[in-house]
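Each remark here refers to the structure printed beneath this line.
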Amino acid sequence: MSFVSLTTLALAGMPGPACTLDLTEAVIVARGDAAPPAERTAALVLAEEVEKRTGLRWPVQQEWPSRGAAIAVIAGDGAALHGREVPARARTSKHEGYGIATDAADPARPVLWIVGADPRGALFGVGRLLRGIECRAGAAVLPAPIELATAPAYPIRGHQLGFRATANSYDAWDLAQYEQYIRELAFFGVNCIENIPLQDSSSPVMKVSREAVNRGLGEICNRYDLDYWVWTPATFDLADEARRAAFLDENEAFYADCPRLDAVFFPGGDPGSNHPKDVMPFLDALAERLARHHPDARIWISLQGFDAERVDCFYDWIDAHRPEWMGGVVAGPSSPPIPETRARLPERYGLRHYPDITHTVRCQYPTPWWDPAFSFTLGREPANPEPIRYARVHNHFAPYTDGFLTYSDGIHDDVNKVVWSVRGWDPAADVRGILIEYARVFFGPDAAEAAADGILALERNWAGPLAENGGVDAALALWQGLERENPSLAGNWRWQLCLLRAYYDTYTRHRLLYETQLEREADEALIAAAERGAAASGRQALAILARADGAPCRPELRERIDALCAALFDSIGLQTSVERYHASGAERGAVLDFVDHPLNNRWWLEDEIGKALAMDNEAERVARLTALGAWEDAGPGGYYDDIGNVARSPRVLHGEGLDTDPNMERNPNPGCMWWDGGRSRTRHSWITYMDWPLGLRYEGLDPGAAYLVRTTGYRDCLLRVNGERIAPSVNGTGIGEIKEFPVPKHLYRDGVILLTFDQPHEPGLNWRVTSRLTEVWLIRR
């Protein structure tokens with residue numbers, strides 16, 4: 001299925017730069033009851049949203065004013081509105097497109113035309129005006145003309161807003177909040193949303209029944225003429241006839257109660273593990289039920305988690321049956337590569353990207369080379385504006401697809417939603433320009449540019465080693481200045497999200513600096529065990545580490561984080577704590593629960609010091625404490641790399657940049673395991689890891705010296721030194737156990753060693769138990 005080409009055209013004949021248009025006393029001219037519901041909604045949205053921002057109530061009427069500015073909102077190919085000709089330059093015939101033009105032939109009665117190719121187009125045109133207009137108390141001004149005719153590049157542009165307990169905010173909403181958020185997404189060209197109607201039990205924060213939300217979202221989509229998708233997995237064995245029949249009935253009951261339904265997305269996996277030989281006949285039966293109530297709706301399927309045999313089985317079934325009910329394939333996390341899917345999929349079927357824009361780690365598109373201090377605290381689901389990166393990811397995959405409907409589990413990824421939405425309309429849209437429009441419409445014109453730059457600064461907070469990133473403190477200073485200058489925004493949840501990240505990042509950086517120094521001092525105390533005795537050195541090291549429990553590092557930042565988390569729960573239902581705000585789990589946005597998580601190896605050292613002091617004799621105790629204190633010391637002429645830590649892996653080779661490899665397929669990315677609910681007392685360098693880096697390079701070595709490679713990790717390590725496979729002399733395979741590889745001297749006569757790794761063959765193993773690398777020492781012996 002081919003996509004619609006971008007058709008955004010700036011047109012000649014536009015008013016000059018002096019034509020600032022004062023819309024303070026404007027009226028909206030529309031067709032009234034003669035218009036389709038979505039066209040009427042477009043005019044209503046414009047009036048209501050301007051009133052929220054200015055206090056002005058623009059009347060919506062079916063006649064032209066005798067004086068003053070008018071904004072005409074119309075859809076379709078009609079030549080005139082109430083006797084006035086529609087400007088040809090504001091027309092486009094492309095589906096969902098719109099034109100905006102100013103007719104100032106009569107300076108006393110200027111008309112700003114918003115002309116949709118269809119009712120959706122009128123709604124999107126209204127959104128474009130709202131993104132450009134400057135609204136202040138008692139005033140509305142268009143500072144520069146908007147003269148364009150435009151249509152979307154891709155036909156599917158949407159976001160999953162599933163009403164389920166797993167979400168970190170949606171489950172706390174009523175239907176009015178849902179409608180407002182969907183409306184605001186439509187400002188940026190979103191034409192579909194996806195619900196999760198049948199999964200999860202209720203949560204303590206739910207105000208509305210699941211049935212009411214399922215039906216209500218269909219009604220909202222009807223009013224705005226947006227497509228309504230649903231995500232309905234089968235998490236049981238479809239060979240179980242009784243459960244299969246019950247699930248068909250449950251789905252049909254939902255269809256019957258739903259006033260609108262355009263598409264059903266059935267994930268082949270994640271969750272679910274059924275074979276396509278069972279899935280496809282089930283979907284055949286499901287399609288019959290769907291057609292009874294929504295004959296134009298289609299079913300889409302993902303191949304998530306499918307191995308090669310299952311993928312082949314799926315395509316064989318499609319080739320044999322060519323089902324009319326199938327809309328296409330959804331490419332999501334753990335799916336076959338998007339280019340391969342498009343190449344194999346018959347052209348008649350669509351391909352929808354299902355990008356995970358909601359998570360930072362252990363996910364489809366992890367944040368590149370993220371400092372572990374953030375992995376341990378912000379975790380998997382924090383406020384995560386990454387506009388530059390996600391704009392690149394969108395454009396990298398979009399040409400293979402018919403668009404996207406993202407995976408989102410809350411409002412923390414709001415900026416990412418807007419970037420995807422605008423790039424889905426126009427892949428060439430400037431990212432900073434998108435953010436200025438975002439900030440203008442939600443924060444007002446006076447804060448727009450500075451807030452846009454502040455959001456870009458938050459993305460840069462996550463670039464490289466946190467301890468070395470002085471820009472983190474500068475970003476906080478910027479946002480604190482904006483706070484002082486814009487007190488009226490204190491209750492705005494989008495504003496609160498940005499502030500939370502600015503304060504949280506800075507607090508985390510200062511804790512990292514402080515607690516890293518404490519660990520250095522504790523290590524020095526342990527290394528002195530031979531002189532001072534094991535008991536004295538152990539007690540001193542423990543006392544040093546415990547200083548983190550004293551006066552908080554930067555307490556004023558910590559207090560502000562608490563206050564912002566409370567404010568976000570009140571303003572938008574964001575659940576930043578399991579106990580305090582009913583987050584569904586520690587991985588689900590509970591950033592407040594981990595704000596003080598140790599950023600050094602305190603817990604591991606405390607446990608290991610206790611074990612050492614319990615040993616039978618002093619020599620053993622001293623030896624173990626000394627080894628703990630000198631853990632990272634590779635000795636004179638040696639080197640240590642913590643493979644999963646961007647701040648402590650200077651010899652790890654990086655691959656291509658995000659411009660050419662936004663999916664990091666040729667630039668392996670560190671990861672962070674999730675053990676013991678995020679509270680693992682294991683050494684941090686064993687929790688963070690990399691499956692297999694491109695390599696580690698050492699230069700300036702002594703060709704006459706003997707060298708040993710030491711590693712930790714898990715399971716196998718198939719090491720090559722300058723291309724030659726080396727066998728281990730010590731081969732520990734458990735977490736934290738040592739492997740050692742003596743390096744033959746003939747391999748580094750030029751003083752250079754390049755370590756590379758063959759990937760072990762481990763078919764069928766879950767990624768959590770596959771081989772991986774965590775630490776590497778090069779030791780001169």
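Out of 116, 125, 76, 99, one residue alone is at positive phi and not polar (S, T, N, Q). It is 76. Number of residues in segment 27-47 that are open to solvent by 10 Å² or more (accessible area, probe 1.4 Å), not charged (D, E, K, R) and not in a loop (DSSP other than H, G, I, E, B) equals 6. Taking residue 694, is it of a type in the set (A, V, I, L, M) and over 33 Å from the mean Cα position of the chain (by Cα)? Against the criterion (of a type in the set (A, V, I, L, M) and over 33 Å from the mean Cα position of the chain (by Cα)), residue 694 does not qualify. Of the helices (runs of 4 or more DSSP H) lying entirely inside segment 551-661, those containing at least 2 residues that are open to solvent by less than 50 Å² (accessible area, probe 1.4 Å), over 30 Å from residue 533 (Cα atoms) and out of contact with any Cys (no Cβ under 7 Å at 6 or more places or on another chain) span 555-572.
Residue 214 falls short on exactly one of the conditions (1) farther than 25 Å from residue 426 by Cα; (2) open to solvent by 40 Å² or more (accessible area, probe 1.4 Å), and that condition is (2). For segment 710-749, filtered to residues that are among the hydroxyl-bearing types (Ser, Thr, Tyr) and more than 18 Å from residue 631 (Cβ to Cβ), the residue that is surrounded by the fewest Cβ atoms within 10 Å (Cβ to Cβ) is 729.
Return yes or no: is residue 162 crowded, with 20+ Cβ neighbours inside 10 Å, modelled with pLDDT of 95 or more and not hydrophobic (A, V, I, L, M, F, W, C)? Judged against the criteria, residue 162 is a match.
Taken over segment 473-502, the residue count meeting the criterion of being assigned to a helix (DSSP H, G or I) and over 20 Å from the mean Cα position of the chain (by Cα) is 16.
The residue list 108, 80 contains one member that is more than 16 Å from residue 62 (Cα to Cα) and of a type in the set (A, V, I, L, M), which is 108.
In the condition set (1) touching a Lys or Arg at 6+ places or on another chain (Cβ under 8 Å); (2) open to solvent by less than 50 Å² (accessible area, probe 1.4 Å), residue 682 is compliant with all but (1). With segment 699-781 as the region, which strands (runs of 3 or more DSSP E) entirely inside it contain at least 1 residues that are among the hydroxyl-bearing types (Ser, Thr, Tyr)? By residue number, 707-714, 753-758, 772-780.
If you check 382, 427 for being modelled with pLDDT of 95 or more, part of a loop (DSSP other than H, G, I, E, B) and crowded, with 23+ Cβ neighbours inside 10 Å, only one passes: 382. Restricting the first residue to segment 747-774 and requiring it to be free of Cβ contacts under 8 Å to residues at least 40 places away in the same chain, which pairs with a second residue that is crowded, with 17+ Cβ neighbours inside 10 Å and among the aliphatic types (A, V, I, L, M) meet a Cβ separation below 6 Å and a spacing of at least six or different chains? Listed by first residue and then by second, the contacts come to 747/721. Is it fair to say residue 251 is open to solvent by less than 60 Å² (accessible area, probe 1.4 Å), more than 23 Å from residue 764 (Cβ to Cβ) and polar (S, T, N, Q)? So residue 251 passes the test.
The values are calculated or read from the model by the stated rules, or taken from the named source; none is laboratory data. In this text the structure is predicted, and so the values were computed from the model without any measurement. Note that each Cβ is placed from the backbone with ideal geometry, even for glycine, and that neighbours are counted across all protein chains shown. Quick note on the areas: whole protein, heavy atoms, side chains included, nothing else; ligands and nucleic acids left out. Shrake-Rupley method; radii C 1.70, N 1.55, O 1.52, S 1.80 Å.
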